Amino acid sequence: MSFRGDAHKLYLKLTKIHNKEFLETKELAEVQEIRSFYQTVSTDLLRLIYYRMIKEKNGSGIIPIFVTAIPWFIFLFSSKLQEFLFREGGILWLPFSFIYMFILIMSVVLHFREQAWAGLHIEIIQDVIEERNTELQP
């Protein structure tokens, strides 16, 4: 088990297989499928897709807003929320805290995964456009 992230896990996986089998790995086959699709799209449409991907990558999105707004919302009702969660020595605060933290953590993870995928698409689109420009030059 490695805590170095997906890039290092892919590297370790590739070091264990032979060159012929690289494209058979799920991770690289998925990237190849995306790349193949973008190679079939016209350059003008590819640029429009590229612009949209830039927007997706740089946009704040709903998840960061969720992550920052929910604590403030809870803070507004903190006295009433405390009365409800801690009344009569109850442990209602425990499942509330667990569910809240779970949703918060999953939202952050999802947000960064979405940004990573947008970055992958951006790089592939840039490569396809660059390849086409290189082919057109004498």
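Of the numbered conditions (1) within 21 Å of the chain's Cα centre (by Cα); (2) surrounded by 12 or more Cβ atoms within 10 Å (Cβ to Cβ); (3) modelled with pLDDT of 75 or more, M101 fails exactly one; give the number of that condition.
The single condition M101 does not satisfy is (2).
For region 107-114, does any single residue satisfy the condition of being more than 29 Å from I129 (Cβ to Cβ), touching a Pro at 6+ places or on another chain (Cβ under 9 Å) and at pLDDT 75 or above?
Yes, because at least one residue in region 107-114 is more than 29 Å from I129 (Cβ to Cβ), touching a Pro at 6+ places or on another chain (Cβ under 9 Å) and at pLDDT 75 or above.
Among the residues of region 91-114, is there at least one that is closer than 13 Å to M53 by Cβ and either of a type in the set (K, R) or part of a helix (DSSP H, G or I) (or both)?
Step one: list which residues in region 91-114 are closer than 13 Å to M53 by Cβ, which gives 114.
Restricting the remaining residues to those that are either of a type in the set (K, R) or part of a helix (DSSP H, G or I) (or both) gives 114.
Yes: one or more hits.
Conditions (1) farther than 30 Å from L14 by Cα; (2) modelled with pLDDT under 90; (3) surrounded by 12 or more Cβ atoms within 10 Å (Cβ to Cβ), marked per residue:
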{"site": "L28", "(1), (2), (3)": "no, yes, yes"}
{"site": "E33", "(1), (2), (3)": "no, no, no"}
{"site": "R47", "(1), (2), (3)": "yes, no, yes"}
{"site": "E56", "(1), (2), (3)": "yes, yes, yes"}
{"site": "F96", "(1), (2), (3)": "yes, yes, yes"}
{"site": "I124", "(1), (2), (3)": "no, no, yes"}
{"site": "Q137", "(1), (2), (3)": "yes, yes, no"}
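The values are calculated or read from the model by the stated rules, or taken from the named source; none is laboratory data. Note that the coordinates shown come from a computational prediction; the quantities given were computed from them, not determined experimentally. Here the Cβ is made from the backbone with ideal geometry for all residues, glycine too, and neighbour counts use every protein chain on show.
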